[in-house]
2 protein chains.
Amino acid sequence: MGTIGRPRSQEAHDAILKAALRLVTKRGFRAVGVNEIAAAAGVGKMTLYRHWPNKAALVMDSLLVLIGSETAFPEAGSAIESLRQQIDLQAAFFRSPRGNLIRSLVAEAQSDLELACAFRDRWLNPRREGVREILRAAIAEGSLRRDIDIDTAIDLLYGSLYYRLLLGSDTLDEPFVDHIYQQFLAGHGVLYASDEEIRP
Amino acid sequence: MGTIGRPRSQEAHDAILKAALRLVTKRGFRAVGVNEIAAAAGVGKMTLYRHWPNKAALVMDSLLVLIGSETAFPEAGSAIESLRQQIDLQAAFFRSPRGNLIRSLVAEAQSDLELACAFRDRWLNPRREGVREILRAAIAEGSLRRDIDIDTAIDLLYGSLYYRLLLGSDTLDEPFVDHIYQQFLAGHGVLYASDEEIRP
DNA sequence: CTCCTAACGATACCTTCAGTATCGTTTCTA
DNA sequence: TAGAAACGATACTGAAGGTATCGTTAGGAG
């Protein structure tokens with residue numbers, strides 16, 4: 001007893017995702033209407049709403065499906081070097097047009113609890129978990145102090161990146177990334193900080 | 001040659017500001033309608049639009065006029081101690097119901113260029129200027145390195161606070177604030193860091 | 001091969017909400 | 001005291017997210 005009736009069109013599904021990603025990335029979540037997305041995908045509006053419950057879920061999905069792998073974690077000689085490259089990657093990602101998509105979703109999530117949960121569970125936390133592993137490896141290889149609070153450390157690392165993405169007039173350029181990294185090492189690296197006074 | 005016609009009602013002006021602040025703080029920018037604000041203020045909707053060009057400008061004004069002074073800079077024995085207290089104050093402000101107002105405005109600013117400029121020019125930058133002065137004083141008193149980039153340092157300090165306000169599942173509690181402060185001192189304080197390697 | 005069912009595109013519609021237009025009334029100033 | 005502008009009230013406009021419904025189409029089950 002398989003499925004009954006006409007199967008859903010994968011072509012329509014993909015076309016909607018691609019149109020949503022392209023339009024929202026270029027012009028922002030609020031500036032793009034669902035009619036426009038459906039039209040750009042060459043699809044009826046009802047088809048869109050058969051595949052996703054609302055606009056926010058669609059755009060969230062377009063982020064995950066189409067560019068979820070763009071922030072893959074680099075392999076480097078050492079864990080601490082992987083961390084450095086990961087920060088660079090994240091900054092480059094925010095500088096790219098994809099940054100507008102993240103800005104849009106974070107903004108929308110402030111008044112959409114469901115989207116907020118989805119963004120945290122499906123985007124933020126998986127990437128934080130990747131960073132956690134890098135940090136654990138960096139601790140294991142002796143590059144970082146053993147007593148750091150990993151989640152708080154991640155907040156420090158990525159907080160300033162998101163701050164500049166959402167509120168900054170300045171750019172997320174290389175000197176800034178370098179400053180973040182050096183500052184992080186100063187506080188958490190074994191070569192820079194003493195073993196007391198960070199966590200009294 | 002003074003003004004002609006009936007003067008504007010200061011009572012109406014204040015009542016609208018207070019109603020907007022109260023409602024948006026409690027339920028968020030998007031969840032509160034202009035009609036509701038006007039009704040709560042005991043005022044016609046047109047009066048509201050005679051005093052402000054749009055909803056965003058009104059709410060931005062309510063932030064500045066009614067709670068613009070709540071983040072006043074503390075006086076402490078030393079500049080570095082003032083800095084510490086200022087971070088505490090900012091975190092407490094974000095934890096309070098006022099935090100919802102900031103979240104709403106930052107979110108709305110992502111799709112409203114005019115609001116984004118107003119928020120930067122009238123809220124963010126004045127407060128950053130206050131922090132700049134504290135940092136300069138801390139440098140002068142010998143608590144911080146002389147070669148730090150003050151604006152980048154501010155981004156690091158406040159970035160993680162805004163990150164937890166907008167995206168965090170965790171709270172902006174005292175241990176987190178302490179961590180931020182200690183981490184900042186580790187990177188920028190003269191007692192913690194050596195004089196090279198931060199800015200190669 | 002044929003039928004049944006659900007998806008399809010199209011389109012009209014509903015609801016909500018920010019912002020506008022208008023009206024008779026009120027309040028201050030010249 | 002007369003005029004000009006703000007006032008409260010209310011009807012309206014336009015845009016946008018989401019729904020309802022139409023006839024049509026594709027494909028699996030029998």
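The values are calculated or read from the model by the stated rules, or taken from the named source; none is laboratory data. Every value quoted in this text rests on a predicted model; they were computed, and no experiment measured them. With ideal geometry, Cβ positions are generated from the backbone for all residues, glycine too; neighbour counts draw on all protein chains shown.
Below is a table of values for the structure above.
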quantity	calculated
Members of the range A:13-54 found to be within 11 Å of DNA strand C (Cβ to nearest atom), in contact (Cβ under 8 Å) with a residue 12 or more places away in the chain and of a type in the set (S, T, N, Q), listed by number	A:THR47
Residues within the range B:124-141 that are farther than 25 Å from B:LEU63 by Cβ and exposed (fewer than 14 other Cβ atoms within 10 Å of the Cβ), tallied	3
Residue check, B:GLN85 surrounded by 20 or more Cβ atoms within 10 Å (Cβ to Cβ) and either out of contact with any strand residue (DSSP E or B) (no Cβ under 7 Å at 6 or more places or on another chain) or farther than 28 Å from A:THR171 by Cα (or both)	no
Qualifying positions in the range B:55-70 - within 9 Å of DNA strand C (Cβ to nearest atom) and either under 30 Å from B:GLN86 (Cα atoms) or out of contact with any helix residue (DSSP H, G or I) (no Cβ under 6 Å at 6 or more places or on another chain) (or both)	B:ALA56, B:ALA57, B:LEU58
Boolean, A:ALA20 is outside any loop (DSSP other than H, G, I, E, B), at pLDDT 95 or above, away from DNA strand D (no atom under 13 Å from the Cβ) and farther than 30 Å from A:ALA138 by Cα	no
Of all residues in the range B:28-52 being within 12 Å of DNA strand D (Cβ to nearest atom) and within 14 Å of chain A (Cβ to nearest Cβ), the one that is surrounded by the fewest Cβ atoms within 10 Å (Cβ to Cβ)	B:GLY33
Residues being of a type in the set (Asp, Glu) and buried (at least 20 other Cβ atoms within 10 Å of the Cβ) - total across the range B:53-82	1
Any helices (runs of 4 or more DSSP H) falling wholly within the range B:26-70 and containing at least 1 residues that are within 21 Å of B:ALA116 (Cβ to Cβ)	B:34-40, B:55-67
Answer from B:ILE180, B:ILE139 - the residue that is in contact with a Ser or Thr (Cβ under 8 Å, 6 or more places away or on another chain) and part of a helix (DSSP H, G or I)	B:ILE180
Among (1) within 30 Å of A:TRP52 (Cα to Cα); (2) buried (at least 18 other Cβ atoms within 10 Å of the Cβ); (3) at the interface with chain B (Cβ under 10 Å from one of its Cβ atoms) - the single one A:PHE94 does not satisfy	(3)
Extreme residue, surrounded by the most Cβ atoms within 10 Å (Cβ to Cβ), among residues of the range A:151-183 that are of a type in the set (Phe, Trp, Tyr) and facing chain B (nearest Cβ under 9 Å)	A:TYR162
